[in-house]
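Since the structure comes first, as structure tokens, the remarks are kept for the end.
The values are calculated or read from the model by the stated rules, or taken from the named source; none is laboratory data. All values derive from a computational prediction rather than experimental measurement. Positions of Cβ are backbone-derived with ideal geometry, glycine not excepted, and every protein chain shown enters the neighbour counts.
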Amino acid sequence: DSMAQGRGIKCSQCTKALKRLKKLAGDDPDEAAVAAALQKGCRLLGRVVGKVCQQLVNKYQDQITEGLQNGDMPRDICSAMGFCRS
């Protein structure tokens with residue numbers, strides 16, 4: 001159904017964005033490193049995904065920061081935010 005399909009697209013965009021952010025933030029990021037990665041990462045993703053990325057950041061920055069600092073997998077962070085089915 002289209003709802004699940006929409007979620008699948010959001011899931012893949014979320015996962016793609018978080019993989020990029022994880023790479024930018026480094027292996028053991030502090031809060032400043034994550035914040036810098038969030039700013040830079042969304043710009044690098046292009047206009048469409050970048051816009052989704054910025055919305056994610058605005059809404060879920062604490063969750064994303066915590067997830068990246070805990071070393072969670074991008075898909076797990078996206079699942080926790082409700083974009084992917086776990």
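Tabulated results
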| quantity | calculated |
| --- | --- |
| Number of positions in the range 28-57 that are closer than 17 Å to CYS11 by Cα and not small (Gly, Ala, Ser) | 11 |
| Considering residues of the range 28-45 that are aliphatic (A, V, I, L, M) and either on the phi > 0 side of the Ramachandran plot or surrounded by 13 or more Cβ atoms within 10 Å (Cβ to Cβ) (or both) only, the residue modelled with the lowest pLDDT | LEU45 |
